[in-house]
Amino acid sequence: MTATGKATEARTARLTISSRNYSSWSLRGWLVLRLSGLEFTTERISNDDRVARAELLQQTSSIRIPSLDHGGVVIWDVLAIGEYLHEVCPQAGLLPADQASRARCRAVSGEMHGGFAALRSALPVNLHAFRPNFPIWTGVRADIERIAEIWRDCLAESSGPWLFGERMGLADAMFAPVCTRFATYDVDLDPVCAAYSARVLARPEMVEWTAEAKLEPELVSELEVVDGEF
């Protein structure tokens, strides 16, 4: 191991998250950390925390949770966390080795990071719920179709099983909460996308996160959607 690698491992890492059940951003940050191989501890703040609640209800213009503190280096944006971990844990392959694929990975990850507002609003993450035959309105359907297009294109280009090849990486972590949304709201997918979504949800990390999410007792009434209404 290089001196740099030893120094990286020696620094303590702590990830601050909010709700495992409702927070798509917390899931992304936690998952990309697990994929990086970096050892870390997790600190969860209450749903009643002012900042956490505003982010869960999409009432803020910025997302500051999850936040990674790695030996005093503090990063609070999921893409920034992913890029940082790619630098300190290059062996994890969070981004593709090929330059063109790496650029495309950043593009689709950024599109997920900043887009799909209709999907986020109408189908909030809720891992303890199952809403079969949930109504999918036109704007949400357009978001779903675009996500499916991204998945099909990336899987065809990389030959899978993950969006950019043999390793689950940053882009897969960015789309992981979408897979939970599709499961919660019983979204019909084409066979390729259905298989990919099932593969994401079957990952040991996702199984662990989901199990812990279902143990959370706190409910956020505004995020308990029933039949298309809050």
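Amide H of residue 185 versus every other amide H placed in the peptide plane: which residues, excluding those fewer than 5 positions away on the same chain, fall under 5 Å?
Sorted by chain and number, the residues that satisfy this are 131.
Across bins of 5 angstrom width beginning at 0, how are the C-alpha pair distances of the range 157-197 distributed, in whole percent?
It works out to 6, 23, 29, 25, 14, 4, in whole percents.
Plugging the Kirkwood radius over Cα pairs into Stokes-Einstein for the range 92-187, at a temperature of 4 °C and a viscosity of 1.567 mPa s, what D comes out in µm²/s?
93 µm²/s
Using Stokes-Einstein with the Kirkwood hydrodynamic radius over Cα pairs, what translational diffusion coefficient do you get for the range 70-110 at 4 °C and a viscosity of 1.567 mPa s, in µm²/s rounded to a whole number?
119 µm²/s
Label points 7 Å out from Cα along the Cβ direction at residue 146 and residue 133: separation in nm?
3.0 nm
Here, each number is a calculation from the coordinates, and none is a lab measurement. These numbers come from a predicted model, not from an experiment. So basically every Cβ, Gly included, is an ideal-geometry build from the backbone, and we count neighbours across all protein chains shown.
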